[in-house]
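Below is one structure, written out as structure tokens, with a few remarks after it.
The values are calculated or read from the model by the stated rules, or taken from the named source; none is laboratory data. Computed from a prediction, not measured in an experiment: that's the story for all the values here. Cβ coordinates were reconstructed from backbone atoms using ideal geometry, including for glycine residues, and neighbour counts include every protein chain displayed. Remember, those area values only see protein heavy atoms, side chains included, never the ligands or the DNA or RNA. Shrake-Rupley method; radii C 1.70, N 1.55, O 1.52, S 1.80 Å.
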Amino acid sequence: MKHASRLEGTHLVGGPSRPSAARARRRAARWTLIGLVTLFVAVVIGLFAGAVRISPLGIIGWMLGGGSLTEQQKAIVAELRLPRVLLAGLVGAALSVSGCAYQAAFRNPLADPYLLGSAAGAGLGATIVIVLGVADAPLALPAAAFLGALGGVGLAYAMASTKAAGRTSTSLLLGGVAVASFLTALQTYVQQRNTDDLRAVYAFILGRLGTSGWHEVWLALPWVALACAVLLASRRLLEVLSLGDLEAASLGAHVARDRAIVVIAASLATAAAVAVAGLIGFVGLIVPHAVRMATGASNRLVVGLSILFGAAFLILCDVLARTVVAPGELPIGVITALIGAPFFALVLRRSGGAR
């Protein structure tokens, strides 16, 4: 009976009453509309912000197929600002929904997309490509970061899948910690042996969207779309996994298989985001928790809202990165860290109080 209220409305118990189902649908529709409006406003602000002043009404008109922009303004918006805004949205959505998935799958409110060593693996892959001098080759840096991120998660899963480890969520988390520490040590060693390349390495580690164009958008889009589709389809599954392994198994869930599906999808989204934007922290921690605190909703609603609000959040963070020290630019990872660190402390305090 302890978890009956959380399971109400899922396919595992007979379903909610009609009034409660109607209220849930209205709440979902209301928050989805709020998320869509927030994302639209963020996109308009992202297209408006820049050295060249362009009317927001002109931008909205251009987005709707009309407007009074000059040819020069259209070129600035379409070729410079729009790909950067879309890339920020893709990366924000990927990191946010991945954080939401990890928090549910591991029942850990402080889990983030880099939990299982993807950040360390991506950092090592990018560092190796940079010190080898082939980072400017087409796809070299994104491919190395992408494969490194997936490799880090794969190693963590391999460590946790042994019979001795027990194949539990705890063993997977510990495997992620061990892999991340090992890969970070390797990256540090490579950096210290090649100090001339430290600037380029740290530019990747702090996150960057400034040099992004349409190429990066098309590179990330299919992977992020696939991962988001899988996680959206797994919303009820996440609700069951969030109850714990024993409870989920007693309800008929295949815990190891189901968690593997979620982790693979979330890791794919994280790897795609890291490959095109570097390491941008705290997004996967801030947005899912903010959505939960605002809506009080279960994972069935939070997954979709994390995609919308995660995209809007990173677009607005990128606007701050571009404008705070204009005409210079801050690494976007600095902005998210300045926002995320106090939020992390708040979440830690709340979770500690709950225990």
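Sequence-distant contacts, meaning Cα pairs under 8 Å at least 6 residues apart, place the relative contact order of region 291-353 at 18 percent.
With all protein chains kept in place, the per residue accessible area of region 217-355 amounts to 40 square angstrom at a probe of 1.4 angstrom. Note on the chain: with neighbouring protein chains present and a 1.4 Å probe, carbon and sulfur make up 66 percent of its accessible heavy-atom surface. Note on residue 193 and residue 137: the model spin-label points, each 7 Å out from Cα along the C-beta direction, lie 1.9 nm apart. Accessible area per residue for region 20-178, computed on protein heavy atoms with a 1.4 Å probe, is 45 Å².
For an R0 of 35 angstrom, estimate the FRET efficiency from the Cβ-Cβ distance between residue 72 and residue 221 and round to the nearest 0.05.
0.80
The mean sequence separation of alpha-carbon pairs under 8 Å and at least six residues apart, normalised by the residue count of region 239-355, gives a relative contact order of 25 percent. Normalised by the number of residues in region 206-276, the average gap of Cα pairs under 8 Å and 6 or more apart makes the relative contact order 48 percent. For the pair residue 345 and residue 326, label points projected 7 Å from Cα toward Cβ lie 3.1 nm apart. Counting only DSSP H runs of at least 4 residues, each contributing -39500 (n - 2.57), and dividing by the residue count of the chain, the helix-based mean residue ellipticity at 222 nm comes to -24000 deg cm²/dmol.
Simple spin-label estimate for residue 293 and residue 186 gives 3.8 nm between the two label positions (7 Å along the Cα-to-Cβ direction from each Cα).
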